[in-house]
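Down below is the structure, laid out as structure tokens.
The values are calculated or read from the model by the stated rules, or taken from the named source; none is laboratory data. Nothing here was measured: the structure is a model prediction, and the numbers come from that model. Please note: Cβ atoms are built from the backbone with ideal geometry, for glycine as well, and neighbour counts cover all protein chains shown. The accessibility values were calculated without ligands, DNA or RNA, using every heavy atom of the protein model including side chains. Shrake-Rupley method; radii C 1.70, N 1.55, O 1.52, S 1.80 Å.
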Amino acid sequence: MKKFTDVLSPLSWLYFIVPLFINLVLFFRPSLEEFVLVILVDTIALVPAAIIELKLFRKLYPESALYFPTVDEQKLKSLSDAEVAGLLKSLMAYPERRARHFAIASIIKVLPAGLIIIFKWEHEVSRLEQALKFLAIEAVAFAYLYGAMYIEIHDFVSRKIADFHKKFNWQSAFHSLPIAKPKSEFFAQENVSLFSVMLLSVALLWVVVSPSSVQNSTQLRLEVLSVGVVGLALSGRIYYLNRKYFVGGLQQLFQTFESLDFGKNDFVIPLHSSSLLARFESTFNALSNRLRAREIELTQWVRYEAEQSRFRALGEISGLIAHDLAGPLHVIQFCTSELTQTNQGGEQGRFLQQLSTNTDRALELVTSLRAYLKNPDSKLQEASLVEAHRYVLQLLNTQYRRHGFNERMTFDLDPKLNDVVLGISRIDLVHILDNLYKNSVQNILDNAIPHGEIRVKLHRNDRSKLILWIQDNGTGLTTERFEEMTAPVLVSKNTAAPRAGLGLRLTRRLIERNEGRLEVVASDAGRGTVFLLTIGLPKQKFMNETQVTGGSGD
């Protein structure tokens, strides 16, 4: 079978035609002219019957227009998931509809040939017995025809569903399609066909051995043998097709399971048109989804543990560095202090001032790290926001002076924040502001923005925590990219984004360790990056409602 208008494979047609003609010749012994007349009448009736049958089927089942008589791939390509689900329901109902419709049409089509056999062929029995013989022979043939069609159309439709899935990816529809609880309709159809073939073969045998039909012993043996062989052949063909369809479906399922690759998105197998196999495959797909989800969770957990191990190793290394750097930095600080006192003014003095400022900053970082390593749970600290802000600007000025920091960058601190004291150590607050500001400054300089601007505003105060709105006019940072850069595990195992932003990642960890939160807010095009920084207020020193009034960021 190659298209939806086909109903049987060539071999199955052969099983239908050859036994039918053998029985007609053996039971009626027509002359050559009589046999040719029947073939001619049946052939003439074939063309109009086929045209009428196709048109009538389309009229009875208009939802089949997408695939019957020809497939409209352009429309199939544009179907939504709901429309694909409707199409799948139609395809699953198609085998039973088509087999029933074609069998009835074939019975009607053969009536003119039957009338010739009954009324025109010469016979030695009554017309009633002639009619009974013809009906018995045709009933056996058409019982086989219906059963074989039903199975082979199911096989064809199942293969077409797999082809459509390969071309158009119907994965979502397979997952969402409700599969009715199978009622063994497939095996019921098979049993009806097999039972009908055998029962009608017995009926034909009874007609053969009836006293009025028996002519001689040789003829009787031939007719009995013909009925037995034809009945067994047709029943065996139906049984074979049924087992081939179901065993083939199970083999496909096992092969898919053996070659399952969770690293790809090809583990969803297409559904068969039979609800029994489709239910089995739907369950298999659901289990595969769960297995893949568990594997992803396990992979993410392993990555998370690896990342945590990396941060722990970084902490141990930092402790060693802090211990070993303290001595040299104290010597550098002493030397720069002495040089500054003896070389006041001029370019040399300005460089010494920068060296002194950054040496003090390095010592603060080392001292803070050593204090944290001794007492990591200490939270009895507080810091002035405006003082930390000014100190960070002084640091940035020494680092970006050659880029024209004072001329190219403008910082706007909300006056409402002048008297704010936060429940965080000064060194941690400086580290947080330094990294956030530096992230914005570097982005502005890298993208050659003529005039950089960073605004820090009060976003909201809920008495126990303060939320700051920090916005720049750089190129912007999306929430997705922020998560990729700062999450402890990769957001997607297939992401191609480089592992950048270690400073921002560590800053987020530092904020979270101080029971705060750092978020990126989606902003309009051209409005740069917007951070929401949440930091707690000192214990028992929540801000007075008259001191700061809540506001909202732009």
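Among the residues that make up the stretch 248-263, is at least one of them touching a residue at least 40 places away in the same chain (Cβ under 8 Å) and crowded, with 16+ Cβ neighbours inside 10 Å?
Scanning the stretch 248-263, I find at least one residue that is touching a residue at least 40 places away in the same chain (Cβ under 8 Å) and crowded, with 16+ Cβ neighbours inside 10 Å, so the answer is yes.
If I ask for residues that are in contact (Cβ under 8 Å) with a residue 24 or more places away in the chain and either of a type in the set (Lys, Arg) or open to solvent by less than 20 Å² (accessible area, probe 1.4 Å) (or both), which ones from the stretch 401-413 would you list?
Arg401, Phe405, Arg408, Met409
What number goes with the only condition from (1) at pLDDT 90 or above; (2) assigned to a helix (DSSP H, G or I); (3) open to solvent by 20 Å² or more (accessible area, probe 1.4 Å) that Val71 does not pass?
If we test Val71 against (1) at pLDDT 90 or above; (2) assigned to a helix (DSSP H, G or I); (3) open to solvent by 20 Å² or more (accessible area, probe 1.4 Å), just (2) comes out false.
Using beta carbons and a limit of 7 Å, which pairs, at least six apart or on different chains, have the first residue in the stretch 285-298 and among the aromatic types (Phe, Trp, Tyr) and the second one surrounded by 13 or more Cβ atoms within 10 Å (Cβ to Cβ) and modelled with pLDDT under 80?
Between residues of the stretch 285-298 that are among the aromatic types (Phe, Trp, Tyr) and residues that are surrounded by 13 or more Cβ atoms within 10 Å (Cβ to Cβ) and modelled with pLDDT under 80, there is no close pair.
I want to confirm something. Restricting to the stretch 431-478 and keeping residues that are aliphatic (A, V, I, L, M) and out of contact with any strand residue (DSSP E or B) (no Cβ under 8 Å at 6 or more places or on another chain), which single residue is most open to solvent (accessible area, probe 1.4 Å)?
Ala448
I'm trying to understand the selection: among the residues of the stretch 394-431, which are at pLDDT 90 or above and closer than 29 Å to Ala448 by Cα?
Met409, Thr410, Phe411, Asp412, Leu413, Asp414 - these are the residues of the stretch 394-431 that are at pLDDT 90 or above and closer than 29 Å to Ala448 by Cα.
Where residues in the stretch 21-48 are among the aromatic types (Phe, Trp, Tyr) and farther than 11 Å from Ile117 by Cα, which of them is modelled with the lowest pLDDT?
Out of the qualifying residues, it is Phe27.
Tally the residues that are open to solvent by 60 Å² or more (accessible area, probe 1.4 Å) and either touching a Phe, Trp or Tyr at 6+ places or on another chain (Cβ under 8 Å) or β-branched (Val, Ile, Thr) (or both), restricting the search to the stretch 98-113.
Here the count works out to 4.
Pull out all pairs, ordered by first then second residue, where Cβ-Cβ is under 8 Å, the residues are six or more apart or on different chains, the first lies in the stretch 446-458 and is more than 27 Å from Val421 (Cα to Cα), and the second is open to solvent by less than 10 Å² (accessible area, probe 1.4 Å) and assigned to a loop (DSSP other than H, G, I, E, B).
Asn447/Gly474; Ile449/Gly474; Gly452/Gly474
Kindly indicate whether any position in the stretch 463-471 is at pLDDT below 90 and under 42 Å from the mean Cα position of the chain (by Cα). Please lay out each step first, then the result.
Here is the first cut: in the stretch 463-471, the ones at pLDDT below 90 are 463-465.
With the extra rule that they be under 42 Å from the mean Cα position of the chain (by Cα), the set shrinks to 465.
Within the stretch 463-471, one or more residues are at pLDDT below 90 and under 42 Å from the mean Cα position of the chain (by Cα).
Quick one: what pairs do we get from the stretch 68-89, first residue under 13 Å from Lys167 (Cβ atoms), second surrounded by 16 or more Cβ atoms within 10 Å (Cβ to Cβ) and among the basic types (Lys, Arg), C-beta under 8 Å, 6+ apart or different chains?
Val71/Lys160
Go through Ser384, Ser378 for me and flag whichever is in contact with a helix residue (DSSP H, G or I) (Cβ under 9 Å, 6 or more places away or on another chain), small (Gly, Ala, Ser), open to solvent by 30 Å² or more (accessible area, probe 1.4 Å) and modelled with pLDDT of 85 or more.
Of Ser384, Ser378, the one residue that is in contact with a helix residue (DSSP H, G or I) (Cβ under 9 Å, 6 or more places away or on another chain), small (Gly, Ala, Ser), open to solvent by 30 Å² or more (accessible area, probe 1.4 Å) and modelled with pLDDT of 85 or more is Ser384.
Which of the residues that make up the stretch 526-546 are open to solvent by 80 Å² or more (accessible area, probe 1.4 Å) and modelled with pLDDT under 50?
Phe542, Asn544, Glu545, Thr546
Do you know which of the residues in the stretch 479-506 that are at pLDDT 85 or above and not acidic (Asp, Glu) is least open to solvent (accessible area, probe 1.4 Å)?
Result: Phe482.
Report yes if some residue within the stretch 121-130 is surrounded by 16 or more Cβ atoms within 10 Å (Cβ to Cβ), aliphatic (A, V, I, L, M) and assigned to a helix (DSSP H, G or I); otherwise report no.
No, the stretch 121-130 contains no residue that is surrounded by 16 or more Cβ atoms within 10 Å (Cβ to Cβ), aliphatic (A, V, I, L, M) and assigned to a helix (DSSP H, G or I).
Given the conditions (1) farther than 20 Å from Lys416 by Cα; (2) touching a Gly at 6+ places or on another chain (Cβ under 8 Å), and given that Gln442 satisfies all but one, which numbered condition is not satisfied?
Every condition holds for Gln442 apart from (2).
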